[in-house]
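Trainee: Just dropping this structure here.
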Amino acid sequence: MLFNYEAIDGSGAPQRGAEEAESEAGAVAQLARRGLTALTLRPARPDAGGANVLGSWKRREGGGRVALVLMVRELASLLGAGVTLEESLRTLIESRRGLALEAPLTGVLTLVLAGERFSSAVRKQSESGDLALPSYVVALISAGESTGDLAAALGRAAEQLEFDEQVRAETSEALVYPIILVLAGAGAVLFVFSFVVPRFSKLLAGRQVDLPWLSAAVLGIGDYFDRHGALIGIALATAAVLGASAWKAIGPVRIRGALSRLPVLGTWIRQQELSRWTGMLALMLQSRVPILTALDLTAQAMTLAEVSNRLRRTMGDIGRGESLSRSLDEYGLLPATALSMVRVGERTGNVGVMMGHVATHALEQNRRLRKRLVALIEPAAIIVLGGIIAMIIVGVMLALTSLSDVKF
């Protein structure tokens, strides 16, 4: 997909152009690798229809995840170019007039002018819900203030935000086709049972025909759909409403935790969580965030309760003097190869760098598992749905041959 962008380079000079990428997050990441900070980003050839209207409205609102990444990137570039924090915040506010981020940025600027630390001001806006930044971003800002390199800290925060958004986008894109395939197949089966099979049932009405068991079952189901179609429609709608309510009541975190125990899907989910927590921990350690604080923030950001609890137990062990590698090994948080890399980092004093290599390897593994999972879902769905439709066709054909007394 082609995106038109407006950006600034490392010296603060404006740049305009077009970038080819799979998603908005991908376009932001590609521009960042070229040393450009995206200010605005929009599709060059937007899709027509309601989806485009909704997407355009969301971009005008400017409060989504991609907008947050752009904001953090822009602030890092402005500070890196030597612009003061106050002027940088005023520039951000001016470029977001009428957008969702204007109010929280104004609140941050007000607190900073009142004497608050920048990290404290961002934390207050995040806790109030106006600025939806993860807690690790606030920790990185605080570390940047302590080391005097706020621009670099914000740059790392933007990289992690881009990584999270990229993983989310890749996961969604990978599941779109299998979901459409399953829904289309289920719709086809419902259509056949609701409209096609009942027509054949009427042909056999009142006739004394000895039907094979498969034909009797298919025609019986079709007849039931024909007589109780409205009731079945109400039942399906009710099931959809109850499913949505259960999703909200149980929560995505618990559902994700339950899915992580499944054989194939669970392996992928656990690998995805591994790439997230290792990348987040590496980022904070490289930004000189204290290891206990880094582990605590990483545990808070996890979506699997099991991983979060193990990371918190690791904090306790490190607080008692144990090494990071030994604690991670004890709780089974890393495979043997990754543990070796962490031990090397401990000996050389580069734990953050080595943990970054672990995160990169885990991300590649996650992508391979995702492709394998999608490769399994597609043929499995085709076989199951195709088998059901084939049984319907065979059942109907057997009924027709019974009607005409054709023997095989």
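The values are calculated or read from the model by the stated rules, or taken from the named source; none is laboratory data. These numbers come from a predicted model, not from an experiment. Cβ: placed from backbone, ideal geometry, glycine included. Neighbour counts: every protein chain shown. Areas reflect the complete protein model, heavy atoms only, side chains present, ligands, DNA and RNA absent. Shrake-Rupley method; radii C 1.70, N 1.55, O 1.52, S 1.80 Å.
Trainee: Please list, by residue number, everything in the stretch 303-329 whose backbone N is under 15 Å from a paramagnetic label point 7 Å out along Cα→Cβ of Thr171.
Mentor: Residues 303-308 qualify, since their backbone N sits under 15 Å from the label point.
Trainee: Turning to a different aspect of this structure: By how many nm would the segment from Arg367 to Ile393 grow when fully extended, if each residue of separation counts as 0.36 nm and the alpha-carbon distance is taken off? Don't skip to the end; give the middle numbers.
Mentor: Numbers: separation 26, 0.36 × 26 = 9.36 nm, distance 3.89 nm.
Extra length available between Arg367 and Ile393 comes to 5.5 nm.
Trainee: Next question. Rounded to a whole number, what % of the accessible area of the chain do carbon and sulfur atoms account for, probe 1.4 Å?
Mentor: Numbers: 12940 of 21590 Å².
Carbon and sulfur: 60 percent of the exposed surface of the chain.
Trainee: Could you give me the ³J(HN,Hα) list for the stretch 311-328, computed from phi with Karplus coefficients 6.51, -1.76, 1.60 and θ = phi - 60°, whole Hz, x at Gly and Pro?
Mentor: Going residue by residue, I get 5, 5, 5, 4, 4, x, 5, 5, x, 8, x, 6, 7, 5, 4, 5, 5, 4 Hz, with x marking Gly and Pro.
Trainee: Another question, then. Taking the alpha-carbon distance from Lys202 and a cut-off under 13 Å, which aspartates and glutamates remain once sequence neighbours fewer than 8 residues away in the same chain are dropped?
Mentor: Qualifying aspartates and glutamates at Cα under 13 Å: Asp223, Asp226.
Trainee: Also: Relative contact order of the stretch 130-273, please, whole-number percent, based on alpha carbon pairs below 8 angstrom and at least 6 residues apart.
Mentor: Numbers: 50 pairs, mean separation 17.4, N = 144.
Once normalised by length, the contact order is 12 percent.
Trainee: Which distance in nm do the two modelled labels at Ala239 and Arg16 give, with both placed 7 Å along the Cα-to-Cβ direction?
Mentor: 5.4 nm
Trainee: Mind listing the long-range amide H neighbours of Phe3? Cut-off is under 5 Å, sequence gap 5 or more, other chains count too, H placed in the peptide plane at 1.01 Å from N.
Mentor: Glu19, Glu20, Ala21, Ala44
Trainee: Stokes-Einstein at 4 °C, 1.567 mPa s, Kirkwood radius from Cα pairs: D for the stretch 225-311 in µm² s⁻¹? Can you show the working numbers first?
Mentor: Numbers: Rh = 15.6 Å.
Approximately 83 µm²/s, per Stokes-Einstein.
Trainee: Need the full-extension length gain, Thr401 to Thr84, defined as separation in residues times 0.36 nm minus the C-alpha distance. One decimal, nm.
Mentor: Values: separation 317, 0.36 × 317 = 114.12 nm, distance 8.50 nm.
Extra length from Thr401 to Thr84 when fully extended: 105.6 nm.
Trainee: What Kirkwood Rh does the stretch 166-221 have if only Cα atoms enter the pairwise 1/r average? Answer in Å. Could the numbers behind the result be given before it?
Mentor: Working: mean 1/r = 0.0710 Å⁻¹.
Its Kirkwood hydrodynamic radius stands at 14.1 Å.
Trainee: So what does log10 I(q)/I(0) come out to for the stretch 289-407 at q = 0.10, 0.16, 0.17 Å⁻¹, using the Debye formula with one equal point on every Cα and no solvent?
Mentor: -0.50, -0.85, -0.92
Trainee: What accessible area per residue, rounded to a whole number of Å², is obtained for the stretch 214-297 using a probe radius of 1.4 Å?
Mentor: Details: 4450 Å² over 84 residues.
For the stretch 214-297, the solvent-accessible area averages 53 Å² per residue.
Trainee: Could I ask something else about it? Which whole-number percentage describes the relative contact order of the chain, with Cα contacts under 8 Å and a sequence gap of 6 or more?
Mentor: Relative contact order of the chain: 14 percent.
Trainee: Could you work out the relative contact order of the stretch 240-350, using alpha carbon pairs under 8 angstrom and six or more residues apart, expressed as a whole percent? Provide the component values of the computation, followed by the final result.
Mentor: Working: 74 pairs, mean separation 19.9, N = 111.
Once divided by the residue count of the stretch 240-350, the mean separation gives 18 percent.
Trainee: So what are the three principal axis dimensions of the stretch 123-222 from its Cα atoms, in whole Å, longest to shortest?
Mentor: Projected onto its principal axes, the Cα set of the stretch 123-222 covers 91, 26, 18 Å.
Trainee: With every atom except the alpha carbons ignored, what do you get for Rg and Dmax of the chain, in angstroms?
Mentor: Gyration radius and largest Cα-Cα distance of the chain: 27.9, 94 Å.
Trainee: Once fully extended, how much extra length lies between Ala246 and Arg313, figured as 0.36 nm per residue of separation less the alpha-carbon to alpha-carbon distance? Provide the component values of the computation, followed by the final result.
Mentor: On the way: separation 67, 0.36 × 67 = 24.12 nm, distance 3.10 nm.
Contour length minus Cα-Cα distance gives 21.0 nm.
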